[in-house]
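Here the structure is laid out as structure tokens; the discussion comes afterwards.
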Amino acid sequence: MADRAIDPQQTPRLTVVLTNYNGRGLLETMLPSLARQSYRDFAIVVVDDGSSDGSVSYLRERWPDVDVIELPGNGGVTAAMDVGLRAPSSELVALFNNDMELDPNCLAALVAALDSHPEAGSATPKMLDFSDRRRIDGAGDLLSWRGGGARRGHGERDSGQYDVPCEIFAACGGAAIYRRAAIETVGGFDVDYFAYYEDLDWAFRAQLCGFRCRYVPGAVLYHRGSETLGRGITDFNGYQLWRNPIWLVAKCFPAGAIARHLPALLRGQAGNLYVAARERKLRVWARAIRDALRGLPGALRKRRLVQGARVIGLAQLEAAAHTSEP
């Protein structure tokens, strides 16, 4: 059996949560990397989203010290992430996808970043490509005023260009650490998203509530990328990527930001239509727009709560969206 993560008699400061759907083979890499962490004050929880590949049996047989939350069926990655974020009572919660391998100092660096920056409600590591470890998978997530987001540095060769710790708009929801106080203030993930944009939505709400996010280059992990949800534009991810940004704008963008960036927002929608036409997914795009409009009343009801909790001005939000400096 693998080494224990912590002394079970201690109350851990950190809970590491893994979301898993039919990822037994991925867990065989991820869990040993957690066992090798230099930071020891943590427990592990796996939220299993209705796997049928023996993942739960594997965990119970090989990793009995890992707590498993079995969901009754596959309810979507966002719902699984929300359970993982809300279930622990520890001071800190780290949330990871199952398709990763952590450098031994990853958790220590993330915890240290939150300790050094009390204004931060979350932090995110430097993500490198699992197969080509000289290539960047992501160095924090940025907000686009076109209504979406982007992984900073994705696909670039790593030459140290993102090795300075800094504020960043958002943490990738599949590789992030959160402060319990921020979770209690901001709330959990919006499960209506099902998949994609739930992390940017949470980060936007956190920024509006005054919680910053830190990018921590000393925390390194290696990401396989899209092992569960697939690569390229599929019917599934195209639908989510075209529907969900409309709800993000409706919920989170202050009125002043919508007015100021309306041309960019329109370009973003035009760009989505272009991609849908190029990929021969126009029917998927049309269904996504239809369902986005059907969901607008619910998004606008949430908007009242989100904007009512806002404590920063538009200038501060603009700065947060563009920041990449220490």
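Observations
- Cβ separations smaller than 9 Å between residues 6+ apart or across chains give the following pairs from the range 165-181 residues that are hydroxyl-bearing (Ser, Thr, Tyr) to residues that are in a strand (DSSP E or B): Tyr178/Leu92; Tyr178/Val93; Tyr178/Ala94; Tyr178/Leu95; Tyr178/Gly121; Tyr178/Ser122; Tyr178/Ala123.
- Within the set Leu293, Leu248, Leu262, the sole residue that is surrounded by 15 or more Cβ atoms within 10 Å (Cβ to Cβ) and out of contact with any Cys (no Cβ under 8 Å at 6 or more places or on another chain) turns out to be Leu248.
- Top-ranked residue of the range 59-100 - restricted to ones that are among the hydroxyl-bearing types (Ser, Thr, Tyr) and out of contact with any Leu (no Cβ under 7 Å at 6 or more places or on another chain), ranked as farthest from Val220 (Cα to Cα): Ser89
- Check on Ala203, part of a strand (DSSP E or B), surrounded by 24 or more Cβ atoms within 10 Å (Cβ to Cβ) and touching a residue at least 24 places away in the same chain (Cβ under 8 Å): no
- Residue count for the range 94-134, restricted to those that are under 21 Å from Leu26 (Cα atoms) and without any contact (Cβ under 8 Å) to a residue 12 or more places away in the chain: 1
- Selection status of Gly50, modelled with pLDDT under 95 and not β-branched (Val, Ile, Thr): yes
- Within the range 114-133, the residues that satisfy the criterion of being under 18 Å from Phe169 (Cα atoms) and assigned to a strand (DSSP E or B) are Ala120, Gly121, Ser122, Ala123, Thr124, Pro125, Lys126, Met127.
- Being hydroxyl-bearing (Ser, Thr, Tyr), crowded, with 18+ Cβ neighbours inside 10 Å, within 24 Å of Arg310 (Cβ to Cβ) and within 16 Å of the chain's Cα centre (by Cα) is a condition met by at least one residue of the range 214-233.
- Residue count, the range 153-195 (criterion: farther than 30 Å from Gly298 by Cα, in a strand (DSSP E or B) and charged (D, E, K, R)): 2
- Note on the range 73-113: residues that are polar (S, T, N, Q) and in contact with a Pro (Cβ under 8 Å, 6 or more places away or on another chain) amount to 1.
Here's the yes/no breakdown for (1) surrounded by fewer than 17 Cβ atoms within 10 Å (Cβ to Cβ); (2) of a type in the set (S, T, N, Q); (3) not assigned by TED's automatic domain parsing to the domain that holds Ala250:
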site	(1), (2), (3)
Met127	no, no, yes
Glu156	yes, no, yes
Ser159	yes, yes, yes
Asp163	yes, no, yes
Ala170	no, no, yes
Ala176	no, no, yes
Phe194	no, no, yes
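- Only a single criterion out of (1) loosely packed, with under 15 Cβ neighbours inside 10 Å; (2) assigned to a helix (DSSP H, G or I); (3) of a type in the set (Lys, Arg) is not satisfied by Arg287, namely (1).
- Condition check for Val111: more than 18 Å from the chain's Cα centre (by Cα) and either under 13 Å from Ala176 (Cβ atoms) or part of a helix (DSSP H, G or I) (or both): no
- Unique residue being within 27 Å of Thr185 (Cα to Cα) and among the β-branched types (Val, Ile, Thr) when the list is Val311, Val220: Val311
- If you check Arg310, Arg303 for being assigned to a helix (DSSP H, G or I) and on the phi < 0 side of the Ramachandran plot, only one passes: Arg303.
- Pairs with Cβ under 8 Å, 6+ apart, first in the range 268-280 and on the phi < 0 side of the Ramachandran plot, second part of a helix (DSSP H, G or I) and among the aliphatic types (A, V, I, L, M): Asn272/Leu241; Ala276/Leu282; Ala276/Val284
- Qualifying residue in the range 243-262 (condition: over 25 Å from Glu279 (Cα atoms), among the hydrophobic types (A, V, I, L, M, F, W, C) and not in a helix (DSSP H, G or I)): yes
The values are calculated or read from the model by the stated rules, or taken from the named source; none is laboratory data. Here the structure is a predicted model, which is why all the values come from computation and not from measurement. Every residue, glycine among them, receives a Cβ derived from its backbone with ideal geometry; neighbour counts consider all protein chains shown.
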